[in-house]
Amino acid sequence: MIVLGIESSCDETGLALYDTEHGLLAHALHSQIAMHQEYGGVVPELASRDHIRRALPLLTEVLHSAKLDKHQIDAIA
């Protein structure tokens, strides 16, 4: 089973593809630290908008790295 894991809880957007038989296939991360630095902490509205902007390019990156197609993903977590 191929699982797409998505992390977007704070100031980083991360995606990973995990195969239950072979382990981690690929992962990618974008950090928002520089964006929030001038505010002295995370600004939730800016963070959420950036997560939306980054998710699809990161998905493309992990799919390419794992040599998979989006139709091969069995579950999302």
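The values are calculated or read from the model by the stated rules, or taken from the named source; none is laboratory data. Please read these numbers as outputs of a predicted model, since none were measured by experiment. Neighbour counts are summed over all protein chains in view; Cβ atoms, including those assigned to glycine, are modelled from backbone coordinates with ideal geometry. Just so you know, the surface numbers come from the protein's heavy atoms only, side chains and all, with ligands and any DNA or RNA stripped out. Shrake-Rupley method; radii C 1.70, N 1.55, O 1.52, S 1.80 Å.
Placing +1 at every Lys and Arg Cβ and -1 at every Asp and Glu Cβ, with all other atoms neutral, what dipole size does the chain have around its Cα centre, in debye to the nearest 20? Can you show the working numbers first?
Values: 5 positive and 11 negative charges, 39 e Å.
Charge dipole of the chain: 180 debye, to the nearest 20.
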Check your understanding: So for the chain, what percent of the C-alpha to C-alpha distances run longer than 17 Å?
Key -> 45
Practice item. On a 0 to 90° scale, report how tilted helix 44-66 is relative to the longest principal axis of the chain, with both axes built from alpha carbons and the result rounded to the nearest 10. Key: 30
Study note, to complete from the structure: The ³J(HN,Hα) series, computed from each phi in segment 33-42 with the Karplus coefficients 6.51, -1.76 and 1.60 at θ = phi - 60°, rounded to the nearest Hz and given as x for glycine or proline, is 3, 4, 5, 8, 4, 5, 9, x, x, 6
Revision key, fill the gap. Over the chain, the sum of -39500 (n - 2.57) across DSSP H runs of at least four, divided by residue number and rounded to 500 deg cm²/dmol, gives at 222 nm -11500 deg cm²/dmol
**Study point:** Of all accessible heavy-atom area on the chain, the percent that carbon and sulfur account for (1.4 Å)
**Key:** 57
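Nearest 0.05, what FRET efficiency do residue 22 and residue 45 give at R0 = 35 Å with Cβ-Cβ as r? Write down the numbers at each step before the final one.
Details: r = 39 Å, r/R0 = 1.10.
So the FRET efficiency works out to roughly 0.35.
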Check your understanding: Rounded to the nearest whole Å², what accessible area per residue is found for the chain with the 1.4 Å probe?
Key -> 68
**Study point:** Sites residue 34 and residue 65 - FRET efficiency at Förster radius 35 Å, r taken between beta-carbons, to 0.05
**Key:** 0.90
